[in-house]
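This report concerns only the one structure given below.
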Amino acid sequence: MGVAVLRDLRPLFGAIRDQGARPTCLAFAASDCHAALRDGWTPLSCEFAFYHAQRRAGLSPHTGSTLEAMLAALREDGQPIETDWPYLAASPADFSIWTPPSRVGPVYRRAGKRRSDGFDEILALLEADQPTLVLMMLSDAFYSPDSDGVVIAPTNEAPDPLSCGRPRNPE
Amino acid sequence: MTDYRAAIRRATLAAARLHRDLGIEARATRENGRIDVFEVVARLAVPLLFKPLDGLLGAYLRDPAPGVLVTTKRSLSVQRFTAAHELGHHQLGHKPTLDDETILREAPFAAHAGDDLQEVEANAFAAAFLLPRWLVTWHCERQGWKTVALHYPETVYQLALRAGMSYTATCWTLLRYRIIGRSTAQKLVEIEPKTIKKKLLGVFRPQNYYGDVWLLTERDAGLRIEGGPSDHFVMCVREHSNAGYLWSIETLAPDGFALIGDARESREPEEAIGAPVTRRITAQSRRTQTGEMCLVERRPWQPNHVLNTLKVRYDLSGAEGEGWSRIERRYRLETA
């Protein structure tokens, strides 16, 4: 069984980036959705977005972000381009020195909107070529797709809220 | 009581002297953080034999030459304490003695009117020899345990396992070092190890609780465990599944270990997306075995890129069997 592509938004995005072992999946996803909505492709600084989301939520750089704080960071603080504050390979050991560069170029803001969950709405957004950030629970099988890229979970393997560090109550 | 206090002081000094003379601190802290009493007895050329003794834990003999007998009918930690007790008799120049369960019932470093001075000394020697203060410090530093952690039975139990001493003797030894107070020590010894094991194993209920339950974390990397053939291992490791890195459990030899639990826990804020979690893998040894347990954290699609490794060597031979100790047999084979 292969994957039938009905709508392909990949041309709106750049190359997939690697978050390494840091808890920045939401920052990457939000940042790239934001960049995909702009003309052309210029990756934006997800370090900047992550920093401001954590600052707003009062969370350390060693833990994940909240959706509310990430949306607020993109809306209020915006993001410069990636090269203005390149992504750090590892979480800062010293929390106190984790601050954005004193000078960054223009910052771009985006008022993202939280939607109710529902598969139909996600499909409608994608049909409308609207980059969409979907938060979902995974199970271990997600990490081992078959050669066609299809994830087939064993019958006894339920989605685990903690399998990808996701919250217990998904958005 | 002055005599008793002097006896305990004399015993602890004798234990410290033996540590110094044989370079035991350097050796124990270089290896697995436990003092191999059987090896020390072998180095002192005191014959030590294990026999299925009835009603006795051990004996110290002097005629025609000094020697030690230890029962085969008890666990390794009891055998170790008994051997250390008999070694105490030897080092302190005591007369021959037959030792029964009393040596386990009496708190080391404590004495009551009417107690046999020689037994008080030997018990104090055993505890000070097997768990000197520097060894407590070494384990605490390695594990990141603050003093307050030693007020909890789970921590004291893990210390006891690593040092190879009984849980109860460990409690009393911590009192001796004034790491915990008397009321805390009293509360701790009233808690049975079985209760601690149950808590560590969570919902899993083994057929019996004879085996120990080791709680292993990243801080145990490189450790060599000496345990029993039915011991359990609860491996609590930080997992970056948020970034695709999963601890691989396929490396647990399926013929040697039964996987009895695999869960993830999080202490992060519930609404935080993408936070690392704690993976809690529980396995039970199926048999007497020695080997190496190696868990690796990596992305399934990047098998050659390993983020973290937890490697632990184990010797799950359990209690010594009849005859020479395992280390003595190895020495004799090497020199044959």
Show the residues, 5+ positions off or on another chain, whose built amide H is closer than 5 Å to the amide H of B:LEU215. B:VAL234
For the range A:1-52 and the range B:1-54, what is the separation of their C-alpha centers, rounded to whole Å? 63 Å
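Per DSSP H run of n ≥ 4, the term is -39500 (n - 2.57); total these for the protein assembly as shown, divide by its residue number, and report the mean residue ellipticity at 222 nm rounded to 500 deg cm²/dmol. Intermediate values should be presented prior to the final figure.
Working: 16 runs with 166 residues, N = 507.
After summing the helix terms and dividing by residue count, I get -9500 deg cm²/dmol.
Quick one, what does Rg over Rh come out to for the protein assembly as shown if you take C-alpha atoms and the Kirkwood Rh?
Values: Rg = 29.6 Å, Rh = 26.6 Å.
Radius of gyration over Kirkwood radius for the protein assembly as shown works out to 1.11.
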Which of the listed residues, B:GLY181, B:VAL148, B:ALA107, is farthest toward the dipole's positive end in the range B:95-215, when Lys, Arg count +1 and Asp, Glu count -1 at the beta-carbon? B:VAL148
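Sequence gap at least 6, Cα distance under 8 Å: using those rules, report the relative contact order of chain A to the nearest whole percent. It would help to have the intermediate numbers written out before the result.
Details: 230 pairs, mean separation 35.9, N = 171.
Relative contact order for chain A comes out at 21 percent.
How high is the relative contact order of the range B:201-336, in percent, counting Cα pairs under 8 Å that sit 6 or more residues apart? Walk me through the intermediate numbers first.
Numbers: 262 pairs, mean separation 39.6, N = 136.
Contact order relative to length: 29 percent.
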At 7 Å along Cα-to-Cβ for each site, give me the label-to-label distance between B:LYS187 and B:ARG62 in nm. 4.5 nm
Separation between the B:TRP134 and A:THR83 pseudo-spin-labels, each 7 Å from Cα along Cα→Cβ, expressed in nm? 5.9 nm
Square roots of 5 times each gyration tensor eigenvalue, C-alpha, chain B, largest first, Å: 38, 23, 17
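Say a site is exposed when it is one of the chymotrypsin sites (Phe, Trp or Tyr not before Pro), sits in a DSSP loop, and has at most 16 other Cβ atoms within 10 Å; what is then the longest site-free stretch of chain A?
Numbers: sites that count: A:PHE13, A:TRP41.
Between the exposed loop sites, the longest stretch runs A:42-171.
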What order do you get for B:THR309, B:THR282 when you list them from fewest to most C-beta neighbours inside 10 Å? B:THR309, B:THR282
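Given charges of +1 on the Cβ of Lys and Arg and -1 on the Cβ of Asp and Glu, with all other atoms neutral, how large is the dipole of chain A about its Cα centre, in debye to the nearest 20?
Numbers: 16 positive and 22 negative charges, 135 e Å.
For chain A, the charge dipole is close to 640 debye.
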From the phi angles alone, apply the Karplus equation (6.51, -1.76, 1.60; θ = phi - 60°) to the range A:125-132 and give each ³J(HN,Hα) in whole Hz, x where the residue is Gly or Pro. 5, 5, 4, 8, 6, 9, x, 10
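Rounded to the nearest 0.05, what FRET efficiency is calculated for B:ALA336 and B:ARG219 with R0 set to 35 Å and r the Cβ-Cβ distance?
0.30
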Among B:THR288, B:HIS232, B:TYR209, whose Cα sits farthest toward the positive end of the charge dipole of the range B:206-315 (+1 at Cβ of Lys/Arg, -1 at Cβ of Asp/Glu, about the Cα centre)? B:THR288
Apply the Karplus parameterisation 6.51 cos²θ - 1.76 cosθ + 1.60, with θ equal to phi minus 60°, to every residue of the range B:222-238 and state each ³J(HN,Hα) to the nearest whole Hz, in sequence, with x for glycine and proline. x, 6, 10, 9, 10, x, x, x, 10, 5, 10, 10, 9, 9, 10, 10, 6
In whole angstrom, the spacing between the Cα centers of the range B:105-162 and the range A:76-123 equals 53 Å
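Under DSSP H, which helices of chain B have Cα atoms covering 18 Å or more of the helix axis and a Kyte-Doolittle average no less than 0.0?
Details: long enough: B:2-21 (28 Å, -0.63); B:76-91 (22 Å, -0.52); B:117-130 (20 Å, 0.89).
Correct list, ordered by number: B:117-130.
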Counting Lys and Arg as +1 and Asp and Glu as -1, what is the net charge of the other residues whose Cβ lies under 11 Å from the Cβ of B:ASN208? +3
Report the label-to-label distance for B:ARG105 and B:ARG43 in nanometres (one decimal), using points 7 Å from each Cα along the Cα→Cβ vector. 3.5 nm
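Normalised by the residues of chain B, what does the relative contact order come to in percent, with Cα pairs under 8 Å and at least six apart?
Values: 594 pairs, mean separation 57.8, N = 336.
About 17 percent, as a whole number.
Ratio of alpha-carbon Rg to the 2.2 N^0.38 Å globular estimate for the range B:203-266, to two decimals, please. Could the numbers behind the result be given before it?
Working: Rg = 13.2 Å, N = 64, 2.2 N^0.38 = 10.7 Å.
Against the compact-globule rule of thumb, the ratio is 1.23.
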Taking every residue of B:272-285, the Cβ atoms of other protein chains inside 10 Å of its Cβ average out to 6
Other protein chain Cβ atoms within 10 Å, averaged over every residue that makes up B:238-247: 6
Explain nothing, just compute: Karplus ³J(HN,Hα) = 6.51 cos²θ - 1.76 cosθ + 1.60, θ = phi - 60°, for every residue of the range A:21-27 in order, whole Hz, x for Gly and Pro. 9, 8, x, 10, 4, 5, 5
FRET efficiency for B:ARG30 and A:VAL151 from the Cβ-Cβ distance with R0 = 45 Å, rounded to 0.05, comes out at 0.40
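With a cut-off of at most 13 other beta carbons within 10 Å, and DSSP calling the residue loop, which GluC sites (Glu not before Pro) in the range B:29-86 qualify? Please list them.
Answer by residue number: B:GLU31.
Throughout, read-outs are computed from the coordinates displayed, never taken from laboratory work. Because the structure is predicted, anything quoted here is derived from the model rather than measured. When we count neighbours, we look across all protein chains shown, and the Cβ atoms used for this are built from the backbone with ideal geometry, even at glycine.
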